[in-house]
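Worksheet for the structure shown next.
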Amino acid sequence: MDLPCVPTLLWLLLFLWPLPVCRAQNSVKFSLPEEQPPNTLIGNPGETLGLEKNNRLFKLEIGKPFLRVDETGGNLYTTETPIDREDMSCESPMECFLEFEISVTDTLYYTVPVLVEGKVLIVDINDNTPSFSSPVISISIPEHTNAGTIVNIPTATDRDAGTNGVASYEVLGTETHGLFSLQVAEEHGEKLPQLIVTGRLDREQRDTYDLTIRVVDGGKPPRTSTAILRIAVLDINDNAPKFERSSYEGTVEENSPVGTSILQVRATDLDLGDNSQIEYTFAQAAESARRLLRLDKSSGWITVQRPVDREQVSQFKFFVHAKDKAPIPKQDRAAVIITVRDKNDNAPSIEIRGIGLVTHKDGVANIDEDVSIDSPVAVVQVSDRDEGENAAVTCIVAGDVPFQLKPASGSSSERKKKFFLQTTTPLDYESVQEYLIEIVAVDSGNPPLSSSNTLKVQVVDVNDNAPVFTQNVIRVSLHENNQPYNTIVKVEATDADSGSNAELTYSLHPDSSTQGLFDINPDTGEIRVNSILDREEQEHYEFKVAAADKGTPSLKGTATVVVNVLDENDNDPKFMLNSYSFSVRENLPPSSPVGMVTVTDADKDMNAQVTLFVDPDNGEFEIQNGTGTILSRVSFDRERQSTYTFQLKAVDGGTPPRSAYVSVTINVLDENDNTPFITQPSNSTFQHMNPLTTIGAQVDQVKAEDMDIGANANLTYSIVGGNPFDLFQVSPGGSVTLEKEILRRHYGLHRLVVRVTDGGTPARFATALVHIYVNDTMVNVSLVEALVGHSLNTPLDVDIAGDPEYEKSKQRSNVLFGVIAGIIAVILVIVIVVLIRYCRQKEAKSGYQAGKKESKDLYTPKQTNKNIKHKIKKNKPPKPSKPLEDDETGAQRGLQFNLINESSSDSPRIHLPLNCNPGSPDLGRHYRSNSPLPSIQLHPQSPTAGKKHQVVQDLPATNTFVGTGDNNSTGSDQYSDYSYKANPPKYNKQLPHRRVTFSTANQSQDLQDPSQHSYYDSGLEESETPSSKSSSGPRLGPLALPEDHYERTTPDGSIGEMEHPENGGKEHPEETHADTRRPPSQGCSRRPSRPRPGT
């Protein structure tokens, strides 16, 4: 071709200068109020994006006729065509955009142009006045409508949007007559005027009211319009229809057949007859809704009346009135929103236009053959009127042409995409003079729709003729295990030149990866394989083949040969390991994964599809093909079986199939699922422990077992209850030892609650009851077993340790010891007092002798030694016979006793029934005389007065007498002192009796050793029995008794029986004559009374 007449240097620069790829910047956004005058500056997209303005050509690709661009400066202006937002097709009522596209080309270096996308937000101005549908709006209200009733008023419309739309309604003047007021509600973003009845309507007084209502928009300044609201007062129709819901929503697919039901509105009327018959009508519905939809007046069903096209109407919004058929009808209103679902009924649209310096005319584009790769030829815009998946378009270049599509901008939406049609390889005029490029666009609908558009590209010739292969990439398939030196492919190249410049020589590019494997015939282009190929070693071989002409300089063309080695089933499946061993926890539920094996096959496709089997299949395991996961069909119990061994078989899908085996071992890991089991001791057994057991000695041994292993079977022992005194301790091995000294309070049964815990997580434990019986002896086993039985029925949180009554008995003992100590203290005081008085009595002689005159001072002390003791020679035998008074005197000398009066005012009167040895005088008869004993008169001045009350009589041992006293003297009990009276009465028949018992340790020594005698005052009253107080009263030791304190003669000087004055001379019922030292058959003989010497 001829070169243009330009300097050679300029052409060289243009040829060598690298041309950048055409690129699209992020979109820019401007805002512009509508209705602006022509040539209003909108902005400069190039400056916004930071593009260079010098030597640049700006061209408006999209945006006409509303916009224009300054070709040199890049400013964007309005044109003579006004921009009216209300006439534009806006995607959203709140946002309305005008899109534009500007290409920027470098005029100095002819670089690839830059494509700038942008949007102009058309801002609404308040250029439209809101208006009602009619200058007179008529509504009807029944008479006697309750005050507060709300009646909807038809709304006004405003073509403006946002704040410039309808803002409020109001009633002008005072035409409401106090019967009406107006309020504005908002529903679905729309202002709704509502008339409120505030007074009583009476049609007979007035049947029509005309109100002026004004609507105001929110613009600045606001626009207004008015209409007449004519209110007709109708007769009463009690109940208005009532919709079930205030709004209904439904969907309908576009292109649905006529008669397709969409939704049903329902209203009810509580009236009867015609007043309850409801008729449904459209209200405030756009023309498209009335044209495309049908509302059944009776049923309320909304159906398709004409085919609905979503691309024209995507949503219907209107109201439906439900009106009854009363003479004065009432109505209700409900909002209806019907969304049109998209159907893939629109094929994609493809628009092809020029860009930059590449011009298009009649669908043809011219481009030089020496343009660089990726040079843009055209801008392709693909759009789809559908939405969602139906609008997702895929665009491709059909055929094998050196052109491709690349996205032109990141801001393209799913519904509108832009691409650059770029070259992919250098163009060669000699090869192809023109290209017919077919661009195909397919959406994602079901079924998908497609469309295509073509562009003819004519290549302008440039003198560059290099050999060209028919294919840039030559793909060859060859089975492995092939025969060497076979021809696998023949490559061909062409050269548009002629002569020697068209003669070609073929060669392979040196490549270390394929060296020696392939060679090529330099003249024919046949390529051979020189060795056996193994796909498992290498599956693909890729190398370059060149075709060089014989021109000068030689031009060379290359192509890529790709050899794909096809697989044959020549490899067995192979497991990753020679054997598998898995460990799983026991108690896993069936169908749990226990391990995973990996098997590979070096082959491909069906030859590598491996199927796994359990061999043999005994029903315990299964394997998932695809994942290699081994699943259990049973639940594992390590205690029953700890190891499973089986084989897996792998079989590939080749023909014939190949197989492999591998051994699998499943080791069941222990889980802490067994509670320790107490083997020793039994809860019902006990261990006897001597209180003298040394500290640290083992008392008992707790033994337990656990069927688990490892840490789960590591048992620890601890005392968790029943050890309040911390007497015992259990070792980690279960040995129960004594830790403290045993005290008396610790005697008894101890129940230790020993917990045996394993080392598992979570831990399990068992409880053992260790019964230890602490006592010196083990005599009553049944008692201990009963205590153990009681322990088994006692809650574990109750301690059983030692004698439970010990503390209580200790407290009772303390109280008892206190009482006894008090009593002993009182007795000691009494004893001391008695001893003092006794000592004083022994200092003087005083007493009463029967037969003496009472005028004599009986209590004048005798001039005798107070400490005279009657001694009897122990070695000498007693004299065989003595006078009675001598026997009695000897008996008196040998007996000492102490009488303690329990009555504070009684002086003793003595009646002595005696039990005597054989041959002794009948003292009982002697003392049972009819004449009472004279009263013992104690004078206060007598130094021994106190002793005379205590001394009663010297009597033989083991004799008993009953003494009575009159009121001449006063005696106290064992805790009080005696008191005395100077001139008491002599006799008193109402005197208490006291029983005194005399005993000696040895009967034979009674008369020989007075120290062996003891005297006890049993303190019995006349009505008491000997057994009732025989051991309860206090006892005083023997006291020395002078022999001359009393005379045992009656007042008249005779010795005989004494009768009890109280009993009328009869014997006392409690007198006894028994001698405890001889059999009861041996009685006491009575002797005749005889007077004492000297009387």
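For this structure, a couple of remarks:
- Two-site FRET efficiency, S513 against M576, from Cβ-Cβ distance with R₀ of 25 Å, rounded to 0.05: 0.30
- Phi to ³J(HN,Hα) by Karplus 6.51 cos²θ - 1.76 cosθ + 1.60 over the range 338-355, Hz, x for Gly, Pro: 10, 9, 8, 7, 6, 10, 6, 10, 10, 6, x, 10, 10, 10, 10, 9, x, 8
- When restricted to Cα atoms, the range 678-738 yields an Rg and a Dmax of 13.1, 41 Å, respectively.
- According to the calculation over all Cα-Cα pairs in the range 154-273, the P(r) per 10 Å bin from zero is 10, 27, 29, 24, 9, 1 %.
- Fully extending the segment from V440 to S134 would add 104.9 nm, taking 0.36 nm per residue of separation and subtracting the current Cα-Cα distance.
- Annotation: for a label point projected 7 angstrom from Cα along Cα→Cβ of Y485, residues of the range 499-542 with backbone N closer than 12 Å are 529-531.
- Close amide H pairs (under 5 Å, H built 1.01 Å from N) link E253 with R341, residues at least 5 positions away or on another chain.
- In the range 475-601, the ratio of gyration radius to Kirkwood radius, Rg to Rh, stands at 1.33 when only Cα atoms are counted.
- Near N39: Cβ cut-off under 10 Å, other residues only, Lys/Arg at +1 and Asp/Glu at -1. The net charge is 0.
- For S314 and Y77, a Förster radius of 25 Å and the Cβ-Cβ distance give a FRET efficiency of 0.15, rounded to the nearest 0.05.
- Other-chain or far-sequence residues with amide H under 5 Å of A283's (modelled H): F319, V320, H321
- Relative to the current alpha-carbon distance between D534 and V651, full extension at 0.36 nm per residue lengthens the span by 40.0 nm.
- Sorted peptide list for 42-54, 686-698, criterion being average Cβ within 10 angstrom, highest first: 42-54, 686-698
- Chain lengthening between T524 and E741 when straightened (0.36 nm per residue, less Cα-Cα): 66.5 nm
- Paramagnetic reach from R812 in the range 776-805 [backbone N under 14 Å; point 7 Å along Cα→Cβ]: 804-805
- The amide H of V468, built 1.01 Å from its N in the peptide plane, has T494, D495 as neighbours under 5 Å, considering only residues 5 or more places off or on other chains.
- Between the beta carbons of L835 and E785, assuming R0 = 45 Å, the FRET efficiency works out to 0.20 to the nearest 0.05.
- Taking label positions 7 Å along the Cα-Cβ direction at both D400 and E249, the computed distance is 5.5 nm, reported to one decimal.
- For the range 163-265, the relative contact order comes to 25 percent (Cα pairs under 8 Å, sequence separation of at least 6).
- Virtual paramagnetic centre 7 Å along Cα→Cβ of T627, amide N under 14 Å, in the range 590-615: 591-598
- On the range 139-270, 44 percent of the accessible area sits on carbon and sulfur atoms, based on a 1.4 Å probe.
- In Hz, Karplus ³J(HN,Hα) per residue of the range 792-799 (6.51, -1.76, 1.60; θ = phi - 60°; x = Gly, Pro): 5, 9, 9, x, 5, 7, 9, 6
- The largest-to-smallest principal axis extents of the Cα set in the range 593-662 are 45, 19, 15 Å.
The values are calculated or read from the model by the stated rules, or taken from the named source; none is laboratory data. Just so it is clear, the structure is predicted and the values come from calculations on it, not from any experiment. So basically every Cβ, Gly included, is an ideal-geometry build from the backbone, and we count neighbours across all protein chains shown. Note: accessible area is taken over every heavy atom of the protein model, side chains too, but ligands, DNA and RNA are not part of it. Shrake-Rupley method; radii C 1.70, N 1.55, O 1.52, S 1.80 Å.
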